[in-house]
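Colleague: Right, I'll just put the structure down here and ask away after.
The values are calculated or read from the model by the stated rules, or taken from the named source; none is laboratory data. Because the structure is a prediction, the values reported are computed rather than measured. Cβ atoms come from the backbone with ideal geometry, glycine included; neighbour counts cover every protein chain shown. Heavy atoms of the whole protein, side chains included, go into the accessibility calculation; ligands, DNA and RNA do not. Shrake-Rupley method; radii C 1.70, N 1.55, O 1.52, S 1.80 Å.
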Amino acid sequence: MLSNKSPYHEQFHNLLDQVREEVDSLQGEIKKLKKENSKLRSKLEEIQDGQTDIYSAISESERLSMRHQVLGLISKIDEHLEDNE
């Protein structure tokens, strides 16, 4: 340990104080970032809760109709590809 008479004693304590100030500053920044992160997570949850997937937003008959249309398109594409071979 440095003695009180050492020429580096005061410099050491000054540097130690600077490190403490920086640590305190960083801890404050961490608290701010955690609060901001929490707010953003809450907003994201609100947005996600408000969203529904396309299939839950339509009725069963609409789903069957859409499925039939998609299968018809796939069939037409297959026929087109087979004709070009």
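Colleague: Residues that are polar (S, T, N, Q), on the phi < 0 side of the Ramachandran plot, under 34 Å from the mean Cα position of the chain (by Cα) and surrounded by 10 or more Cβ atoms within 10 Å (Cβ to Cβ): does the stretch 48-57 have at least one?
Modeller: No, the stretch 48-57 has no match at all.
Colleague: Does any residue of the stretch 76-84 turn out to be of a type outside the set (Phe, Trp, Tyr), open to solvent by 100 Å² or more (accessible area, probe 1.4 Å) and part of a loop (DSSP other than H, G, I, E, B)?
Modeller: Within the stretch 76-84 (the criterion being of a type outside the set (Phe, Trp, Tyr), open to solvent by 100 Å² or more (accessible area, probe 1.4 Å) and part of a loop (DSSP other than H, G, I, E, B)), the answer is yes, since at least one residue qualifies.
Colleague: Quick one: count up the residues across the stretch 58-75 that are surrounded by 10 or more Cβ atoms within 10 Å (Cβ to Cβ) and in a loop (DSSP other than H, G, I, E, B).
Modeller: Residues flagged as surrounded by 10 or more Cβ atoms within 10 Å (Cβ to Cβ) and in a loop (DSSP other than H, G, I, E, B) within the stretch 58-75 amount to 1.
Colleague: Sticking with this one: Would you mind stating whether GLN11 is polar (S, T, N, Q) and at pLDDT 95 or above?
Modeller: In short, no.
Colleague: Residues being open to solvent by less than 100 Å² (accessible area, probe 1.4 Å) and of a type in the set (Lys, Arg): count how many of those fall in the stretch 21-47.
Modeller: Number satisfying all stated conditions: 0.
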